[in-house]
Amino acid sequence: GALGDNEHIDDYGNVHMTLTVRRRRKRRDVQAGQNQPDYGGDLSNLFEHPDSQTSLKGLEDNEQVEDVEELIDVVEGGSMTAAIFGIIKGTIGPAVLFLPRGFQMAGYAFAIPTMILATASYIYSANRLLECWKVEKERATKIDEIRALLLESPKRYGATGEESRPSEGGKLLTYPELARRAFGSGAIFVQLGIALMQFGVCLTYLIFVPQNLYEAIHELLGWDVSKTVFLITMVMIEVPLSWIRDIRRLTPFNVMATLLIAYGLFSCLVLAFWEIEKDSESTYFDRLADLAATNSDTWILFIGTAFFAFEGCITLIVPLQEAVFREEDKKRFPSVNQTVTSSIVAFYIFFALTCWAAFGTSIRTALTASLPPGPYATSVQLAYSVAVIFTFPLQAFPAMEVVFHHSASGASKTDPSEHTKLNVQASLVVCLLGIVAYLAIDYLGNVVSLLGSLVGIPIALIFPPIMHNILGRDLSTGTKVLNTFVAGLGFVVMGVTSYITIIQWDKGAE
(Lines give C-alpha, C1' and ligand atoms only; values in the text may rest on other atoms or scores of the structure.)
Protein backbone atom coordinates (compact mmCIF):
# COMPACT_ATOMS: atom_id res chain seq x y z
CA GLY A 1 0.00 0.00 0.00
CA ALA A 2 2.96 2.43 -0.08
CA LEU A 3 3.58 4.94 -2.83
CA GLY A 4 6.07 3.96 -5.48
CA ASP A 5 9.21 5.92 -6.26
CA ASN A 6 7.47 7.48 -9.27
CA GLU A 7 4.28 8.46 -7.41
CA HIS A 8 3.47 11.49 -5.31
CA ILE A 9 0.48 13.24 -3.74
CA ASP A 10 -0.25 16.86 -4.56
CA ASP A 11 -1.66 19.55 -2.28
CA TYR A 12 -5.23 18.45 -3.05
CA GLY A 13 -4.74 14.78 -2.20
CA ASN A 14 -4.58 13.55 -5.80
CA VAL A 15 -2.21 10.68 -6.50
CA HIS A 16 0.07 11.35 -9.49
CA MET A 17 2.32 9.00 -11.43
CA THR A 18 5.43 10.45 -13.06
CA LEU A 19 6.64 8.58 -16.12
CA THR A 20 9.81 9.03 -18.12
CA VAL A 21 8.96 8.97 -21.81
CA ARG A 22 11.72 8.47 -24.38
CA ARG A 23 10.95 10.38 -27.56
CA ARG A 24 12.85 10.17 -30.84
CA ARG A 25 13.52 13.47 -32.56
CA LYS A 26 15.64 14.90 -35.34
CA ARG A 27 18.53 17.20 -34.50
CA ARG A 28 20.08 19.27 -37.27
CA ASP A 29 23.81 19.83 -37.14
CA VAL A 30 23.97 23.62 -36.80
CA GLN A 31 27.39 23.85 -38.43
CA ALA A 32 26.22 21.95 -41.48
CA GLY A 33 23.84 24.60 -42.65
CA GLN A 34 21.96 27.67 -41.50
CA ASN A 35 19.02 27.67 -43.87
CA GLN A 36 15.64 27.74 -42.13
CA PRO A 37 12.94 25.40 -43.39
CA ASP A 38 10.45 26.94 -45.78
CA TYR A 39 6.86 26.83 -44.49
CA GLY A 40 5.58 28.82 -47.46
CA GLY A 41 4.07 31.45 -45.16
CA ASP A 42 1.64 28.89 -43.72
CA LEU A 43 2.03 28.23 -39.97
CA SER A 44 -0.85 25.77 -39.73
CA ASN A 45 1.57 22.86 -39.79
CA LEU A 46 2.91 24.00 -36.44
CA PHE A 47 -0.17 22.48 -34.84
CA GLU A 48 0.01 19.05 -36.44
CA HIS A 49 1.07 16.04 -34.39
CA PRO A 50 4.54 14.78 -35.35
CA ASP A 51 4.38 11.39 -37.03
CA SER A 52 5.82 8.85 -34.62
CA GLN A 53 6.42 6.45 -37.51
CA THR A 54 8.63 8.78 -39.55
CA SER A 55 11.16 6.83 -41.53
CA LEU A 56 14.79 7.60 -40.84
CA LYS A 57 15.77 6.95 -44.45
CA GLY A 58 14.68 10.40 -45.52
CA LEU A 59 16.91 12.31 -43.11
CA GLU A 60 19.30 14.74 -44.63
CA ASP A 61 23.01 14.18 -44.25
CA ASN A 62 23.29 17.01 -41.74
CA GLU A 63 20.56 15.58 -39.46
CA GLN A 64 20.95 13.07 -36.65
CA VAL A 65 18.48 11.14 -34.52
CA GLU A 66 18.63 11.21 -30.72
CA ASP A 67 16.43 9.99 -27.87
CA VAL A 68 15.19 12.63 -25.43
CA GLU A 69 13.78 11.81 -21.99
CA GLU A 70 10.79 13.85 -20.82
CA LEU A 71 8.98 13.69 -17.47
CA ILE A 72 5.20 13.76 -17.71
CA ASP A 73 2.46 13.64 -15.07
CA VAL A 74 -0.26 11.13 -15.94
CA VAL A 75 -3.40 9.45 -14.70
CA GLU A 76 -3.66 5.74 -15.30
CA GLY A 77 -6.06 5.10 -18.17
CA GLY A 78 -9.35 3.44 -17.35
CA SER A 79 -12.33 1.96 -19.14
CA MET A 80 -15.79 3.48 -19.33
CA THR A 81 -17.03 0.73 -17.02
CA ALA A 82 -14.48 1.77 -14.39
CA ALA A 83 -15.57 5.40 -14.81
CA ILE A 84 -19.23 4.42 -14.28
CA PHE A 85 -18.35 2.59 -11.08
CA GLY A 86 -16.38 5.67 -10.05
CA ILE A 87 -19.46 7.86 -10.52
CA ILE A 88 -21.63 5.44 -8.55
CA LYS A 89 -19.11 5.08 -5.73
CA GLY A 90 -18.55 8.84 -5.55
CA THR A 91 -22.27 9.59 -5.46
CA ILE A 92 -23.80 6.90 -3.26
CA GLY A 93 -22.59 7.10 0.32
CA PRO A 94 -23.96 7.65 3.83
CA ALA A 95 -25.65 10.86 2.59
CA VAL A 96 -28.43 8.77 0.99
CA LEU A 97 -29.58 7.82 4.50
CA PHE A 98 -30.42 11.46 5.23
CA LEU A 99 -32.97 11.72 2.41
CA PRO A 100 -35.99 9.87 3.89
CA ARG A 101 -36.37 12.31 6.79
CA GLY A 102 -35.66 15.15 4.39
CA PHE A 103 -38.63 13.98 2.30
CA GLN A 104 -40.75 13.75 5.44
CA MET A 105 -39.83 17.32 6.49
CA ALA A 106 -40.56 18.73 3.02
CA GLY A 107 -43.43 16.58 1.74
CA TYR A 108 -43.19 14.63 -1.51
CA ALA A 109 -44.85 17.39 -3.60
CA PHE A 110 -41.87 19.64 -2.84
CA ALA A 111 -39.12 17.08 -2.28
CA ILE A 112 -39.39 15.28 -5.64
CA PRO A 113 -39.32 18.45 -7.82
CA THR A 114 -36.47 19.80 -5.68
CA MET A 115 -34.42 16.64 -6.25
CA ILE A 116 -35.08 16.85 -10.00
CA LEU A 117 -34.09 20.54 -10.15
CA ALA A 118 -30.98 19.93 -8.02
CA THR A 119 -30.00 17.08 -10.36
CA ALA A 120 -30.53 19.21 -13.47
CA SER A 121 -28.45 22.00 -11.91
CA TYR A 122 -25.68 19.60 -10.98
CA ILE A 123 -25.58 18.04 -14.47
CA TYR A 124 -25.50 21.51 -16.05
CA SER A 125 -22.56 22.53 -13.85
CA ALA A 126 -20.78 19.21 -14.40
CA ASN A 127 -21.03 19.72 -18.18
CA ARG A 128 -19.62 23.25 -17.77
CA LEU A 129 -16.66 21.81 -15.87
CA LEU A 130 -16.10 19.14 -18.51
CA GLU A 131 -16.14 21.77 -21.25
CA CYS A 132 -13.51 23.72 -19.29
CA TRP A 133 -11.47 20.51 -19.11
CA LYS A 134 -11.76 20.03 -22.88
CA VAL A 135 -10.60 23.58 -23.64
CA GLU A 136 -7.63 23.38 -21.26
CA LYS A 137 -6.67 19.93 -22.51
CA GLU A 138 -6.62 21.13 -26.12
CA ARG A 139 -4.67 24.22 -25.13
CA ALA A 140 -2.06 22.18 -23.26
CA THR A 141 -1.73 19.78 -26.20
CA LYS A 142 -1.05 22.62 -28.65
CA ILE A 143 1.51 24.12 -26.28
CA ASP A 144 3.30 20.77 -26.16
CA GLU A 145 3.24 20.49 -29.95
CA ILE A 146 4.75 23.95 -30.39
CA ARG A 147 7.33 23.24 -27.73
CA ALA A 148 8.30 19.99 -29.42
CA LEU A 149 8.82 21.84 -32.71
CA LEU A 150 10.83 24.60 -31.07
CA LEU A 151 13.09 22.10 -29.33
CA GLU A 152 14.02 20.58 -32.69
CA SER A 153 16.13 23.67 -33.33
CA PRO A 154 16.43 25.68 -30.12
CA LYS A 155 19.03 28.14 -31.39
CA ARG A 156 16.94 29.12 -34.38
CA TYR A 157 13.40 29.64 -33.09
CA GLY A 158 14.04 31.35 -29.75
CA ALA A 159 13.64 28.36 -27.41
CA THR A 160 15.57 28.43 -24.17
CA GLY A 161 17.16 25.06 -24.73
CA GLU A 162 15.91 23.82 -21.36
CA GLU A 163 14.77 20.53 -22.79
CA SER A 164 13.95 18.93 -19.44
CA ARG A 165 11.40 21.43 -18.18
CA PRO A 166 8.04 19.79 -17.40
CA SER A 167 5.28 19.73 -19.94
CA GLU A 168 2.11 21.65 -19.13
CA GLY A 169 0.15 19.04 -21.00
CA GLY A 170 1.32 16.48 -18.45
CA LYS A 171 -0.26 18.31 -15.50
CA LEU A 172 -3.27 16.55 -14.02
CA LEU A 173 -6.45 18.57 -14.55
CA THR A 174 -8.79 18.62 -11.55
CA TYR A 175 -11.55 20.91 -10.30
CA PRO A 176 -9.07 22.95 -8.17
CA GLU A 177 -6.57 23.12 -11.04
CA LEU A 178 -9.23 24.40 -13.47
CA ALA A 179 -10.27 26.94 -10.81
CA ARG A 180 -6.64 28.09 -10.54
CA ARG A 181 -6.50 28.67 -14.30
CA ALA A 182 -9.81 30.55 -14.23
CA PHE A 183 -9.50 32.60 -11.03
CA GLY A 184 -5.76 32.73 -10.36
CA SER A 185 -5.20 33.44 -6.67
CA GLY A 186 -8.99 33.57 -6.23
CA ALA A 187 -9.04 29.78 -6.61
CA ILE A 188 -8.37 29.67 -2.86
CA PHE A 189 -12.14 30.05 -2.37
CA VAL A 190 -12.79 26.92 -4.41
CA GLN A 191 -10.11 24.98 -2.53
CA LEU A 192 -11.44 26.10 0.84
CA GLY A 193 -15.01 25.35 -0.26
CA ILE A 194 -14.07 21.78 -1.18
CA ALA A 195 -12.12 21.39 2.07
CA LEU A 196 -15.04 22.73 4.14
CA MET A 197 -17.45 20.35 2.43
CA GLN A 198 -15.20 17.39 3.18
CA PHE A 199 -14.78 18.48 6.78
CA GLY A 200 -18.55 18.96 6.92
CA VAL A 201 -19.11 15.39 5.77
CA CYS A 202 -16.72 14.26 8.51
CA LEU A 203 -18.79 16.29 10.98
CA THR A 204 -21.94 14.42 9.95
CA TYR A 205 -20.05 11.16 10.51
CA LEU A 206 -19.25 12.22 14.08
CA ILE A 207 -22.96 12.74 14.70
CA PHE A 208 -24.19 9.75 12.73
CA VAL A 209 -22.03 7.07 14.38
CA PRO A 210 -22.94 7.88 18.05
CA GLN A 211 -26.64 7.76 17.17
CA ASN A 212 -26.22 4.34 15.56
CA LEU A 213 -24.07 2.90 18.33
CA TYR A 214 -26.49 4.19 20.97
CA GLU A 215 -29.33 2.23 19.35
CA ALA A 216 -27.17 -0.87 18.74
CA ILE A 217 -25.81 -1.09 22.31
CA HIS A 218 -29.25 -0.45 23.76
CA GLU A 219 -30.66 -3.33 21.69
CA LEU A 220 -27.77 -5.73 22.37
CA LEU A 221 -27.08 -5.07 26.05
CA GLY A 222 -29.96 -2.92 27.24
CA TRP A 223 -27.53 -0.17 28.30
CA ASP A 224 -28.31 3.53 27.90
CA VAL A 225 -24.83 4.77 27.09
CA SER A 226 -24.62 8.50 26.41
CA LYS A 227 -24.01 9.49 22.78
CA THR A 228 -21.20 11.72 24.07
CA VAL A 229 -19.27 8.64 25.17
CA PHE A 230 -19.43 7.18 21.67
CA LEU A 231 -18.47 10.56 20.20
CA ILE A 232 -15.36 10.83 22.39
CA THR A 233 -14.41 7.24 21.53
CA MET A 234 -14.74 7.92 17.83
CA VAL A 235 -12.59 11.07 18.09
CA MET A 236 -9.90 9.06 19.90
CA ILE A 237 -9.94 6.55 17.00
CA GLU A 238 -9.88 9.19 14.26
CA VAL A 239 -7.01 11.25 15.71
CA PRO A 240 -4.25 8.66 15.04
CA LEU A 241 -5.86 7.71 11.70
CA SER A 242 -5.60 11.37 10.65
CA TRP A 243 -1.80 11.13 10.95
CA ILE A 244 -1.61 8.82 7.92
CA ARG A 245 0.12 10.65 5.05
CA ASP A 246 0.16 7.79 2.54
CA ILE A 247 -3.33 7.58 1.07
CA ARG A 248 -2.63 4.08 -0.31
CA ARG A 249 -2.54 2.74 3.25
CA LEU A 250 -6.21 3.66 3.52
CA THR A 251 -7.18 1.50 0.52
CA PRO A 252 -8.06 -1.65 2.54
CA PHE A 253 -10.28 0.45 4.81
CA ASN A 254 -11.95 1.99 1.79
CA VAL A 255 -12.73 -1.39 0.23
CA MET A 256 -14.14 -2.70 3.50
CA ALA A 257 -16.21 0.45 4.02
CA THR A 258 -17.64 0.19 0.49
CA LEU A 259 -18.78 -3.38 1.09
CA LEU A 260 -20.33 -2.52 4.46
CA ILE A 261 -22.18 0.49 3.04
CA ALA A 262 -23.56 -1.65 0.20
CA TYR A 263 -24.73 -4.23 2.76
CA GLY A 264 -26.32 -1.53 4.91
CA LEU A 265 -28.10 0.18 2.02
CA PHE A 266 -29.54 -3.09 0.72
CA SER A 267 -30.58 -4.11 4.22
CA CYS A 268 -32.42 -0.82 4.82
CA LEU A 269 -34.61 -1.53 1.80
CA VAL A 270 -35.17 -5.13 2.92
CA LEU A 271 -36.23 -3.98 6.40
CA ALA A 272 -38.46 -1.28 4.91
CA PHE A 273 -40.37 -3.76 2.74
CA TRP A 274 -40.46 -6.19 5.64
CA GLU A 275 -42.07 -3.50 7.82
CA ILE A 276 -44.67 -2.75 5.14
CA GLU A 277 -45.37 -6.45 4.59
CA LYS A 278 -46.16 -6.94 8.28
CA ASP A 279 -49.08 -4.55 7.97
CA SER A 280 -51.82 -6.71 6.46
CA GLU A 281 -54.27 -3.80 6.30
CA SER A 282 -52.36 -1.66 3.80
CA THR A 283 -50.20 -2.23 0.75
CA TYR A 284 -47.03 -0.48 -0.36
CA PHE A 285 -49.03 1.88 -2.58
CA ASP A 286 -51.54 2.57 0.19
CA ARG A 287 -48.70 3.71 2.39
CA LEU A 288 -47.33 5.93 -0.36
CA ALA A 289 -50.77 7.49 -0.82
CA ASP A 290 -50.92 8.34 2.88
CA LEU A 291 -47.68 10.38 2.82
CA ALA A 292 -47.99 14.13 3.34
CA ALA A 293 -47.72 16.18 0.16
CA THR A 294 -46.25 19.27 1.84
CA ASN A 295 -44.90 20.43 5.18
CA SER A 296 -45.25 24.19 5.45
CA ASP A 297 -42.97 24.55 8.48
CA THR A 298 -39.73 22.91 7.32
CA TRP A 299 -39.98 22.40 3.53
CA ILE A 300 -37.24 24.88 2.66
CA LEU A 301 -34.67 22.97 4.74
CA PHE A 302 -34.75 20.23 2.11
CA ILE A 303 -33.07 22.41 -0.55
CA GLY A 304 -29.72 22.17 1.24
CA THR A 305 -30.24 18.46 1.86
CA ALA A 306 -30.84 17.88 -1.87
CA PHE A 307 -27.54 19.54 -2.83
CA PHE A 308 -25.70 17.75 -0.03
CA ALA A 309 -26.61 14.49 -1.77
CA PHE A 310 -24.09 15.43 -4.51
CA GLU A 311 -21.24 16.22 -2.10
CA GLY A 312 -18.94 13.54 -3.48
CA CYS A 313 -19.57 13.88 -7.23
CA ILE A 314 -18.60 17.32 -8.48
CA THR A 315 -14.96 17.09 -7.38
CA LEU A 316 -14.55 13.63 -8.95
CA ILE A 317 -16.05 14.35 -12.34
CA VAL A 318 -12.98 15.96 -13.93
CA PRO A 319 -10.46 13.32 -12.71
CA LEU A 320 -12.80 10.59 -13.98
CA GLN A 321 -13.00 12.28 -17.39
CA GLU A 322 -9.22 12.62 -17.36
CA ALA A 323 -8.75 8.94 -16.53
CA VAL A 324 -10.90 7.55 -19.35
CA PHE A 325 -8.41 6.10 -21.83
CA ARG A 326 -10.08 5.65 -25.22
CA GLU A 327 -10.76 8.80 -27.22
CA GLU A 328 -14.31 7.78 -28.16
CA ASP A 329 -15.06 7.10 -24.49
CA LYS A 330 -13.79 10.55 -23.57
CA LYS A 331 -16.35 12.06 -25.95
CA ARG A 332 -19.14 9.85 -24.54
CA PHE A 333 -18.32 10.50 -20.90
CA PRO A 334 -20.50 13.65 -20.36
CA SER A 335 -23.63 11.89 -21.64
CA VAL A 336 -22.79 8.73 -19.69
CA ASN A 337 -22.34 10.81 -16.54
CA GLN A 338 -25.72 12.42 -17.13
CA THR A 339 -27.45 9.05 -17.56
CA VAL A 340 -25.77 7.42 -14.55
CA THR A 341 -26.43 10.43 -12.28
CA SER A 342 -30.09 10.60 -13.31
CA SER A 343 -30.47 6.88 -12.60
CA ILE A 344 -28.90 7.29 -9.16
CA VAL A 345 -31.27 10.15 -8.31
CA ALA A 346 -34.24 8.05 -9.44
CA PHE A 347 -33.04 5.40 -6.97
CA TYR A 348 -32.67 8.10 -4.29
CA ILE A 349 -36.30 9.14 -4.73
CA PHE A 350 -37.50 5.52 -4.63
CA PHE A 351 -35.36 4.81 -1.54
CA ALA A 352 -36.54 7.92 0.33
CA LEU A 353 -40.23 7.34 -0.39
CA THR A 354 -40.04 3.63 0.48
CA CYS A 355 -38.29 4.15 3.81
CA TRP A 356 -40.55 7.07 4.72
CA ALA A 357 -43.63 4.97 3.94
CA ALA A 358 -42.26 2.08 5.99
CA PHE A 359 -41.09 3.89 9.13
CA GLY A 360 -43.60 6.76 9.21
CA THR A 361 -43.30 10.15 10.89
CA SER A 362 -40.91 8.82 13.55
CA ILE A 363 -38.15 8.49 10.96
CA ARG A 364 -34.83 10.12 11.90
CA THR A 365 -32.09 11.74 9.84
CA ALA A 366 -29.77 8.86 10.70
CA LEU A 367 -32.06 6.33 9.01
CA THR A 368 -30.34 3.30 10.52
CA ALA A 369 -31.27 4.60 13.98
CA SER A 370 -34.95 4.35 12.91
CA LEU A 371 -34.87 0.66 11.97
CA PRO A 372 -37.21 -1.69 13.89
CA PRO A 373 -35.41 -3.37 16.81
CA GLY A 374 -33.88 -6.76 16.09
CA PRO A 375 -30.61 -8.55 15.33
CA TYR A 376 -30.76 -7.74 11.62
CA ALA A 377 -31.25 -4.01 12.26
CA THR A 378 -28.45 -4.05 14.84
CA SER A 379 -26.08 -5.65 12.34
CA VAL A 380 -26.89 -2.84 9.89
CA GLN A 381 -26.23 -0.19 12.54
CA LEU A 382 -22.90 -1.76 13.47
CA ALA A 383 -21.91 -2.26 9.81
CA TYR A 384 -22.62 1.36 8.92
CA SER A 385 -20.82 2.60 12.04
CA VAL A 386 -17.67 0.63 11.23
CA ALA A 387 -17.84 1.71 7.58
CA VAL A 388 -18.14 5.40 8.48
CA ILE A 389 -15.38 5.22 11.10
CA PHE A 390 -12.93 3.94 8.48
CA THR A 391 -14.26 6.24 5.74
CA PHE A 392 -13.58 9.30 7.93
CA PRO A 393 -9.77 9.50 7.36
CA LEU A 394 -10.16 8.99 3.62
CA GLN A 395 -12.80 11.74 3.48
CA ALA A 396 -10.68 14.11 5.57
CA PHE A 397 -7.39 13.44 3.75
CA PRO A 398 -7.71 15.93 0.83
CA ALA A 399 -9.11 18.62 3.14
CA MET A 400 -6.19 18.08 5.53
CA GLU A 401 -3.78 18.50 2.61
CA VAL A 402 -5.32 21.91 1.82
CA VAL A 403 -4.93 22.97 5.46
CA PHE A 404 -1.32 21.74 5.58
CA HIS A 405 -0.50 23.44 2.28
CA HIS A 406 -1.66 26.87 3.43
CA SER A 407 -0.05 26.56 6.87
CA ALA A 408 3.24 25.01 5.71
CA SER A 409 6.42 26.58 7.07
CA GLY A 410 8.49 25.63 4.04
CA ALA A 411 10.23 22.71 5.72
CA SER A 412 10.14 19.28 4.13
CA LYS A 413 7.33 16.98 5.27
CA THR A 414 9.97 14.31 5.89
CA ASP A 415 11.55 16.52 8.57
CA PRO A 416 10.65 15.05 12.01
CA SER A 417 9.67 18.41 13.48
CA GLU A 418 7.47 19.22 10.48
CA HIS A 419 5.90 15.77 10.66
CA THR A 420 5.06 16.34 14.33
CA LYS A 421 3.60 19.75 13.51
CA LEU A 422 1.34 18.22 10.85
CA ASN A 423 0.15 15.53 13.26
CA VAL A 424 -0.70 18.16 15.89
CA GLN A 425 -2.63 20.19 13.32
CA ALA A 426 -4.56 17.11 12.16
CA SER A 427 -5.37 16.21 15.76
CA LEU A 428 -6.63 19.71 16.49
CA VAL A 429 -8.87 19.67 13.41
CA VAL A 430 -10.43 16.33 14.41
CA CYS A 431 -10.94 17.53 18.00
CA LEU A 432 -12.54 20.77 16.75
CA LEU A 433 -14.93 18.75 14.60
CA GLY A 434 -15.69 16.67 17.67
CA ILE A 435 -16.61 19.78 19.67
CA VAL A 436 -18.95 20.99 16.93
CA ALA A 437 -20.48 17.50 16.70
CA TYR A 438 -21.12 17.56 20.47
CA LEU A 439 -22.98 20.88 20.16
CA ALA A 440 -25.04 19.63 17.17
CA ILE A 441 -25.51 16.02 18.29
CA ASP A 442 -29.34 16.31 18.09
CA TYR A 443 -29.43 18.43 14.92
CA LEU A 444 -28.00 16.18 12.21
CA GLY A 445 -30.71 17.18 9.72
CA ASN A 446 -29.93 20.87 10.22
CA VAL A 447 -26.20 20.28 9.82
CA VAL A 448 -26.79 18.45 6.54
CA SER A 449 -29.10 21.20 5.25
CA LEU A 450 -26.71 24.01 6.24
CA LEU A 451 -23.71 22.28 4.65
CA GLY A 452 -25.62 21.70 1.44
CA SER A 453 -26.78 25.33 1.31
CA LEU A 454 -23.68 27.18 2.46
CA VAL A 455 -20.97 25.00 0.89
CA GLY A 456 -22.56 22.50 -1.49
CA ILE A 457 -24.41 25.06 -3.63
CA PRO A 458 -21.33 27.22 -4.39
CA ILE A 459 -19.24 24.17 -5.34
CA ALA A 460 -21.91 22.51 -7.47
CA LEU A 461 -23.85 25.49 -8.82
CA ILE A 462 -21.96 28.80 -8.60
CA PHE A 463 -18.27 28.24 -9.42
CA PRO A 464 -18.54 25.97 -12.54
CA PRO A 465 -20.65 28.36 -14.69
CA ILE A 466 -18.37 31.30 -13.82
CA MET A 467 -15.29 29.22 -14.68
CA HIS A 468 -16.90 28.29 -17.99
CA ASN A 469 -17.43 31.97 -18.86
CA ILE A 470 -13.73 32.62 -18.19
CA LEU A 471 -12.14 29.52 -19.72
CA GLY A 472 -14.68 28.77 -22.44
CA ARG A 473 -13.81 29.47 -26.05
CA ASP A 474 -16.10 31.13 -28.62
CA LEU A 475 -19.06 31.18 -26.21
CA SER A 476 -22.29 32.69 -27.49
CA THR A 477 -23.93 35.57 -25.68
CA GLY A 478 -26.80 33.27 -24.71
CA THR A 479 -24.44 30.78 -23.09
CA LYS A 480 -22.70 33.51 -21.09
CA VAL A 481 -26.02 34.96 -19.96
CA LEU A 482 -27.30 31.52 -18.94
CA ASN A 483 -24.10 30.81 -17.00
CA THR A 484 -24.41 34.14 -15.22
CA PHE A 485 -28.07 33.50 -14.44
CA VAL A 486 -27.36 30.05 -12.97
CA ALA A 487 -24.51 31.39 -10.83
CA GLY A 488 -26.64 34.33 -9.67
CA LEU A 489 -29.55 32.03 -8.84
CA GLY A 490 -27.11 29.91 -6.85
CA PHE A 491 -26.05 32.93 -4.81
CA VAL A 492 -29.66 33.78 -4.00
CA VAL A 493 -30.62 30.20 -3.09
CA MET A 494 -27.46 29.82 -0.97
CA GLY A 495 -28.19 32.99 1.00
CA VAL A 496 -31.91 32.37 1.53
CA THR A 497 -31.70 28.70 2.50
CA SER A 498 -28.68 29.22 4.78
CA TYR A 499 -30.42 32.08 6.59
CA ILE A 500 -33.71 30.19 7.05
CA THR A 501 -31.90 27.05 8.23
CA ILE A 502 -30.17 29.08 10.94
CA ILE A 503 -33.24 30.96 12.16
CA GLN A 504 -35.34 27.77 12.17
CA TRP A 505 -32.64 25.69 13.85
CA ASP A 506 -34.84 24.47 16.72
CA LYS A 507 -37.43 23.03 14.31
CA GLY A 508 -34.89 20.49 13.11
CA ALA A 509 -34.21 18.97 16.53
CA GLU A 510 -34.55 15.18 16.84
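Direction-averaged projected area, Cα convex hull, segment 438-510: 5.4 nm², rounded to one decimal. Note on segment 180-224: the C-alpha convex hull projects to 3.6 nm² when averaged across all orientations.
The relative contact order of segment 365-486 comes to 18 percent, based on Cα pairs under 8 Å that sit 6 or more residues apart. Residue ranking by accessible heavy-atom surface, 1.4 Å probe, largest first, among D474, D297, D246, D506 comes out as D474, D506, D297, D246.
Taking a ≥ b ≥ c as the square roots of the eigenvalues of the Cα gyration tensor, an a/c ratio of 1.5 or more together with a/b no larger than b/c marks segment 258-301 as oblate. Sorted largest first by accessible area at a 1.4 angstrom probe radius, with every protein chain in place, the residues W274, W505 fall in the order W274, W505. Mind grabbing the base-10 log of I(q)/I(0) for segment 203-291 at q = 0.12, 0.13, 0.15, 0.26 Å⁻¹? Debye formula, identical points on the C-alpha positions, no solvent, two decimal places. The calculated log intensity ratios at q = 0.12, 0.13, 0.15, 0.26 Å⁻¹ are -0.62, -0.70, -0.85, -1.23. A simple charge model with +1 on the Cβ of Lys and Arg, -1 on the Cβ of Asp and Glu and nothing else charged puts the dipole of segment 204-259 at about 340 debye relative to its Cα centre. Model label sites at L192 and A120, defined 7 Å from Cα along the beta-carbon direction, differ in position by 3.3 nm.
The C-alpha radius of gyration of segment 230-275, expressed as a fraction of 2.2 N^0.38 Å, stands at 1.60. The Rg/Rh ratio of segment 356-510, with both radii computed over alpha carbons and Rh defined as the Kirkwood radius, is 1.08.
Each label was represented as a point 7 Å from its Cα along the Cα-to-Cβ direction; for D224 and W505 these points are 2.7 nm apart. Placing F350, F253, F325 in order of accessible area, with the largest value first and a 1.4 Å probe, yields F325, F350, F253.
With a Cα-only, solvent-free Debye model of segment 288-386, what are the log10 I(q)/I(0) values at q = 0.11, 0.12, 0.19, 0.21 Å⁻¹? Summing over Cα pairs of segment 288-386 leads to -0.54, -0.62, -1.08, -1.17.
The values are calculated or read from the model by the stated rules, or taken from the named source; none is laboratory data. Remember, predicted model here, so these are calculated numbers, not experimental data. Positions of Cβ are generated from backbone atoms using ideal geometry, with glycine treated the same way; all protein chains shown enter the neighbour counts. Ligands, DNA and RNA are stripped out before the accessible areas are found, and what is left, the full protein with its side chains, is counted by its heavy atoms. Shrake-Rupley method; radii C 1.70, N 1.55, O 1.52, S 1.80 Å.
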